[in-house]
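These notes are about the structure you will find just below.
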Amino acid sequence: MSEGWVLDASPIITLAKVGHLDLLLEVAPDIGIPLAVFREITAGSEDDPGRRALESGWGKRLGGSRIHPEVLGWSLGAGETEVLSVALEKTGWTAVIDDATARACARSLSVPVIGTLGVVLRAKRRGLVTSASEIIRELRYAGLYLDDQFVRAVLKQVVGEDW
């Protein structure tokens, strides 16, 4: 069984904005970017770091995937829908999504899910970064919404850092 992570736009965009996009390559067993996600990111501003990374060949593109009816009922965006459909199709793959509704859908379908915060925490546990809290602050400044209480609790419990 092959394991990997199928990426939604938010983790790529925000990690690229703060200069930590390669954390995804360092902590994931394998990564895949669905076509809808690729299109969403490359339709953005020409100076967007995520767009520039994808256009220069960063990451592995996934071909068209069958959209699962169970996912369609959630009325998610095209990227989230394709991410979850790929994760359902590929046994052992995890959806990397920040959107709360998409994460709820993933849990209801028993799809393993992780968010950008989880990527940073894994990188810290593996010794790839010196400060998870510093990167999380940068991510928030770059536009990623994270609840202060949740961040405080997770940082302390998982990597022993203060918020």
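So which residues in the range 54-77 are in a helix (DSSP H, G or I) and surrounded by fewer than 19 Cβ atoms within 10 Å (Cβ to Cβ)? If the condition is that a residue be in a helix (DSSP H, G or I) and surrounded by fewer than 19 Cβ atoms within 10 Å (Cβ to Cβ), then GLU55, PRO69, GLU70, LEU72 are the ones that fit.
For the structure I just gave you, tell me whether THR14 is in a helix (DSSP H, G or I), surrounded by fewer than 14 Cβ atoms within 10 Å (Cβ to Cβ) and either of a type in the set (Asp, Glu) or out of contact with any Pro (no Cβ under 7 Å at 6 or more places or on another chain) (or both). In short, no. Taken across the range 41-50, residues that are under 30 Å from GLN157 (Cβ atoms) and crowded, with 19+ Cβ neighbours inside 10 Å do occur, with at least one present. Annotation: of all residues in the range 122-134 being more than 11 Å from VAL27 (Cα to Cα) and over 17 Å from the mean Cα position of the chain (by Cα), the one that is surrounded by the fewest Cβ atoms within 10 Å (Cβ to Cβ) is THR130.
Which ones in the range 39-87 are of a type in the set (Ser, Thr, Tyr), under 17 Å from the mean Cα position of the chain (by Cα) and farther than 20 Å from GLY115 by Cβ? Can you show your working first?
Just the residues of the range 39-87 that are of a type in the set (Ser, Thr, Tyr), to begin with: 42, 45, 56, 65, 75, 81, 85.
Now restrict to residues that are under 17 Å from the mean Cα position of the chain (by Cα): 42, 81, 85.
Answer for the range 39-87, where residues must be of a type in the set (Ser, Thr, Tyr), under 17 Å from the mean Cα position of the chain (by Cα) and farther than 20 Å from GLY115 by Cβ: just THR42.
Scanning the range 135-155 for residues that are part of a helix (DSSP H, G or I) and either exposed (fewer than 13 other Cβ atoms within 10 Å of the Cβ) or β-branched (Val, Ile, Thr) (or both) yields ILE135, ILE136, TYR141, ASP148, GLN149, PHE150, VAL151, ALA153, VAL154. Remark: pairs (first residue in the range 123-134, touching a residue at least 60 places away in the same chain (Cβ under 8 Å); second residue surrounded by fewer than 17 Cβ atoms within 10 Å (Cβ to Cβ) and not in a loop (DSSP other than H, G, I, E, B); Cβ separation under 9 Å; 6+ apart in sequence or on different chains) = ALA123/GLU26; ARG126/GLU26; LEU128/GLU26.
Residues are listed down the side, and each one gets a yes or a no for (1) modelled with pLDDT under 95; (2) at negative phi; (3) touching a helix residue (DSSP H, G or I) at 6+ places or on another chain (Cβ under 7 Å); (4) among the aromatic types (Phe, Trp, Tyr):
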position: PRO29; (1), (2), (3), (4): yes, yes, no, no
position: GLY32; (1), (2), (3), (4): no, yes, yes, no
position: ALA36; (1), (2), (3), (4): no, yes, yes, no
position: ILE41; (1), (2), (3), (4): no, yes, yes, no
position: ASP47; (1), (2), (3), (4): no, yes, no, no
position: ARG52; (1), (2), (3), (4): no, yes, no, no
position: GLY57; (1), (2), (3), (4): no, no, no, no
position: ARG66; (1), (2), (3), (4): yes, yes, yes, no
position: GLY73; (1), (2), (3), (4): yes, yes, no, no
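Please specify each residue of the range 20-46 satisfying the condition of being over 13 Å from ALA78 (Cα atoms) and either outside any loop (DSSP other than H, G, I, E, B) or free of Cβ contacts under 8 Å to residues at least 24 places away in the same chain (or both). Even if it seems obvious, please write down each step before you answer.
So in the range 20-46, the residues over 13 Å from ALA78 (Cα atoms) come out as 20-32, 42-46.
Selection gives ASP22, LEU23, LEU24, LEU25, GLU26, VAL27, ILE31, GLY32, THR42, ALA43, SER45, GLU46.
Residues of the range 83-126 that are assigned to a helix (DSSP H, G or I), out of contact with any strand residue (DSSP E or B) (no Cβ under 7 Å at 6 or more places or on another chain) and either farther than 23 Å from GLU161 by Cβ or hydroxyl-bearing (Ser, Thr, Tyr) (or both): SER85, LEU88, GLU89, ALA100, THR101, ALA102, ALA104, CYS105, SER108, THR116.
The values are calculated or read from the model by the stated rules, or taken from the named source; none is laboratory data. Note that the coordinates shown come from a computational prediction; the quantities given were computed from them, not determined experimentally. So basically every Cβ, Gly included, is an ideal-geometry build from the backbone, and we count neighbours across all protein chains shown.
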